[in-house]
Amino acid sequence: YGNSADVKTTDGPFKMKGLAYQYNDLEPYIDAKTMEIHYSKHHLGYANKLNTAIKETEFKTKTIEEILNQLDINNSFLRNNAGGYYNHNLYFEILSSKKDTKPSAILTEAINRDFGSFTNLNSKLSEAATNLFGSGWVWLLVDKDGKLKISQTINQDNPLMSNSTEKGTPILAIDVWEHAYYLKYQNKRADYISEIFNIINWEIISKKYDEAIAIK
Ligand code: MN3
């Protein structure tokens, strides 16, 4: 397998961030081939097309969050590729080969407040990911009042876009496109979803929660 550090965008301000692990480090939950294709083909494709979409536009000096917040929902090329870039960055960042990570004390308190328990949060996330129709994403986000919420979005949409029914700062992203799991799990999305909980890194999500509530 290749190395994620060798995967580079061709042009423009948005770069590939690399992975904090090797393509085969998430096995047996996600296989190396899926990781390599997902990162070096799909994610790179979104990044390159995002750079193309913003070339010579008002967005060329903006952050990805500003672009997502301000873009015209009818501009499907920018919408799909800015979403694809942001969504995959978060997804790849919150996965790791480290087992049995736990939310911080402060995040645990918020989870208990908004979902009753960590077990219940995981089962609600799993249900949302399994039930989402077609291709899309499931999110754990912090809304404007600091409350944790789960949401689903279609295609490459996300909670930062103006059309989102649940707006907020995402701290966890689960990719439920078939390209995220088809080689190993084929059509059995529920199996991929149940296995992915083994490699979600709650230490990273806890840091993201701290950042999200700090900017409220
Ligand atoms: Mn994907």
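Every number in this text was worked out from the coordinates using simple rules, so none of it is lab data. This one's a predicted model, so the numbers in the text were calculated from it and none came from an experiment. Neighbour counts are summed over all protein chains in view; Cβ atoms, including those assigned to glycine, are modelled from backbone coordinates with ideal geometry.
Remarks
- K188-N3 FRET efficiency (beta carbon distance; Förster radius 35 Å; 0.05 resolution): 0.75
- Compared with the alpha-carbon gap, the fully stretched path from N69 to N24 is longer by 12.7 nm at 0.36 nm per residue.
- Its relative contact order, with pairs defined as Cα atoms under 8 Å and 6+ residues apart, puts the chain at 22 percent.
- Dipole size of the chain about its Cα centre, with +1 on Lys/Arg Cβ and -1 on Asp/Glu Cβ: approximately 100 debye, rounded to the nearest 20.
- Centroid-to-centroid separation of region 184-216 and region 99-116 [C-alpha atoms, Å]: 13
- Estimated inter-spin distance, I154 and T10, nm [label 7 Å along Cα→Cβ]: 3.1
- Filtered chymotrypsin sites (Phe, Trp or Tyr not before Pro), region 121-216: DSSP coil and at most 10 other beta carbons within 10 Å: F133
- Backbone N under 18 Å from the E127 label point (7 Å along Cα→Cβ), restricted to region 107-121: 111-121
- When each of the peptides 15-21, 158-164 is scored by how many other beta carbons lie within 10 Å of its residues on average, the order from highest to lowest is 158-164, 15-21.
- K98-E58 pseudo-label distance in nm [points 7 Å out on the Cα-to-Cβ vector]: 4.1
- Sparse-neighbour loop sites [GluC sites (Glu not before Pro); region 146-216; at most 15 other C-beta within 10 Å; DSSP]: E166
- Three-way shape label, region 139-216, alpha-carbon gyration tensor, a/c 1.5: oblate
- The coefficient of translational diffusion for the chain, derived via Stokes-Einstein from the alpha carbon Kirkwood radius under 20 °C and 1.002 mPa s, stands at 122 µm²/s.
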